[in-house]
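Here's the structure we're looking at; comments come further down.
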Amino acid sequence: MTPFSYQRPDSIDQAIALAGADSRYIAGGTNLLDLMKENVLQPRRLIDINGLPLHDIEETAGGGLMIGALVSNADLAWHPQIEQRYPLLAKAILAGASPQLRNMASTGGNLLQRTRCYYFYDTATPCNKREPGSGCPARDGRNRIHAILGASAACVAVHPSDMCVALAALEAQVHVDGPHGQRRIAIEDFHRLPGEHPERDNTLGAGELIVGIELPGEGYASHCAYLKLRDRASYAFALVSVAAALELDGKTIRRARIALGGVAHKPWRIEAAEELLCGKRAEQQCFATAAERLLQGAQPLADNAFKIELARRAIVRALSEAAGGTVR
Ligand SMILES: Cc1cc2nc3c(=O)[nH]c(=O)nc-3n(C[C@H](O)[C@H](O)[C@H](O)COP(=O)(O)OP(=O)(O)OC[C@H]3O[C@@H](n4cnc5c(N)ncnc54)[C@H](O)[C@@H]3O)c2cc1C
């Protein structure tokens, strides 16, 4: 590991002032420390943000919730307001990692965790995400876990988070503070597709700090489901995951939100697929139509064509479960 300095500011302004080109914020450290130990990242300065006042969950004037960036994944999933009003988010978080990891992992850090592409972690191989311009061995190499949607010639990695898939379906907003002031970013615009710059996972600017995640008032609490399909029943990242949320009027769909994980460089959401469901009866045939639209343009690699059929079935199943009522 490369030597680094360590500072623990106690105000947001101080933390931002300390941020520089070779620095990283550290929250739970469950991803950053692994990357440093493997020499994938070599920051010269760690800014420990755990002393900042970002540990609370508060109601917003608009009827939603503001989640501080340092709320742990465990505290978030088990918070009474999240369990009751946003069970989709609780289910997605609890589908990820392990209890110990969820105790350490923060809300902000979860958004910024890096891909689990084997080549990104293996510094003996090229990787455009780790070292821009060096190449992408995954495209013609081992690519069973990789993207089927939105990939580029430069990168076929997927975003590994479960929590972010639920946040995409819930249309959360990311609040950030930084050298140029405060702003909020719709979760849809927070993560990016790789294009020619896979080294950039998201649209955060240099030195910007995530301070909170805002959930809108609508949590789809009555009709939602999070389905995660993976190689092991626990402690494994998603091959495909689906966050499905419905607002029903009897059997008729008034509103639908669907986001996919494990298939692209960001949580995958296509509004046109959701619109196809509006006004329709909540039944398998129309769920299958939405699945086709969501997966339109999917391009498999040598080892991951199975993900297309897996995703198709998972979408139909998650929507069917959501239509049947949230399982508490
Ligand atoms: C074995 C294992 C299994 C896992 N399984 C899953 C899984 O199944 N599903 C899943 O979703 N996740 C899984 N994870 C990932 C885990 O959820 C993340 O590692 C965790 O959420 C990261 O949060 P953290 O606070 O530890 O981030 P850190 O490691 O502290 O930071 C991660 C990144 O975020 C940056 N950062 C942190 N906070 C902020 C902030 N407020 N503002 C700006 N930058 C910030 C850091 O600089 C760093 O770049 C797993 C992790 C491990 C180790």
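The values are calculated or read from the model by the stated rules, or taken from the named source; none is laboratory data. These figures come from a predicted structure and were not determined experimentally. Reconstructed Cβ throughout: ideal geometry from the backbone, glycine too, with neighbour counts over all protein chains shown.
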Mind listing whichever residues of segment 161-181 are under 29 Å from Glu247 (Cβ atoms) and part of a loop (DSSP other than H, G, I, E, B)?
-> Ser161, Asp162, Glu171, Ala172
May I ask you to list the residues in segment 165-178 that are closer than 15 Å to Gly68 by Cα and within 13 Å of the ligand (Cβ to nearest atom)?
-> Leu167, Val174, His175, Val176, Asp177
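Determine if segment 63-81 includes at least one residue that is without any contact (Cβ under 8 Å) to a residue 24 or more places away in the chain and of a type in the set (Val, Ile, Thr). I'd like the intermediate steps shown before the answer.
Applying the first criterion (without any contact (Cβ under 8 Å) to a residue 24 or more places away in the chain) to segment 63-81 yields 75, 78-80.
Then drop every residue that is not of a type in the set (Val, Ile, Thr), which leaves none.
Checking segment 63-81: not a single residue is without any contact (Cβ under 8 Å) to a residue 24 or more places away in the chain and of a type in the set (Val, Ile, Thr).
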Qualifying residue in segment 139-149 (condition: free of Cβ contacts under 8 Å to residues at least 24 places away in the same chain, away from the ligand (no atom under 16 Å from the Cβ) and of a type outside the set (Phe, Trp, Tyr)) = yes
Which one of these does Ala124 not meet: (1) aliphatic (A, V, I, L, M); (2) in a loop (DSSP other than H, G, I, E, B); (3) surrounded by fewer than 20 Cβ atoms within 10 Å (Cβ to Cβ); (4) within 16 Å of the ligand (Cβ to nearest atom)?
-> (4)
Where in segment 210-267 are the strands (runs of 3 or more DSSP E), entirely inside, with at least 1 residues that are over 24 Å from Ala305 (Cβ atoms), among the polar types (S, T, N, Q) and without any contact (Cβ under 8 Å) to a residue 12 or more places away in the chain?
-> none
Only residues in segment 1-13 that are in contact (Cβ under 8 Å) with a residue 40 or more places away in the chain and closer than 22 Å to Leu35 by Cβ count as the first member; pair them with residues that are polar (S, T, N, Q) and surrounded by 12 or more Cβ atoms within 10 Å (Cβ to Cβ), Cβ under 7 angstrom, at least 6 apart or cross-chain, and list the lot.
-> Thr2/Gln42
Enumeration of residues in segment 24-52 that are out of contact with any Phe, Trp or Tyr (no Cβ under 9 Å at 6 or more places or on another chain), of a type outside the set (A, V, I, L, M, F, W, C) and within 12 Å of the ligand (Cβ to nearest atom) | Tyr25, Gly28, Gly29, Thr30, Asn31, Lys37, Asn50
Matching residues, segment 230-258, being more than 24 Å from Gly62 (Cβ to Cβ), in contact with a Gly (Cβ under 8 Å, 6 or more places away or on another chain) and among the hydrophobic types (A, V, I, L, M, F, W, C) | Phe237, Ala238, Leu239, Val240, Val242, Ile253
Checked pairs for segment 93-106, first under 17 Å from Ala27 (Cα atoms), second among the small types (Gly, Ala, Ser) and near the ligand (Cβ under 6 Å from one of its atoms), C-beta under 6 Å and 6 or more apart or across chains, list as Met104/Gly28; Ala105/Gly28; Ser106/Ala27; Ser106/Gly28
Test Ala153 against the criterion of being surrounded by fewer than 17 Cβ atoms within 10 Å (Cβ to Cβ) and either within 14 Å of Phe237 (Cβ to Cβ) or among the hydrophobic types (A, V, I, L, M, F, W, C) (or both), and give yes or no.
-> yes
Taking strands (runs of 3 or more DSSP E) that fall entirely within segment 1-109, which contain at least 1 residues that are over 23 Å from Leu215 (Cβ atoms)?
-> 5-7, 23-26, 45-48
Single unsatisfied condition, Asp177 versus (1) more than 23 Å from Gly63 (Cα to Cα); (2) touching a Leu at 6+ places or on another chain (Cβ under 6 Å) | (1)
Give me a count of the residues in segment 187-222 that are within 26 Å of Asp48 (Cα to Cα), surrounded by fewer than 16 Cβ atoms within 10 Å (Cβ to Cβ) and either at pLDDT below 95 or of a type outside the set (S, T, N, Q) (or both).
-> 4
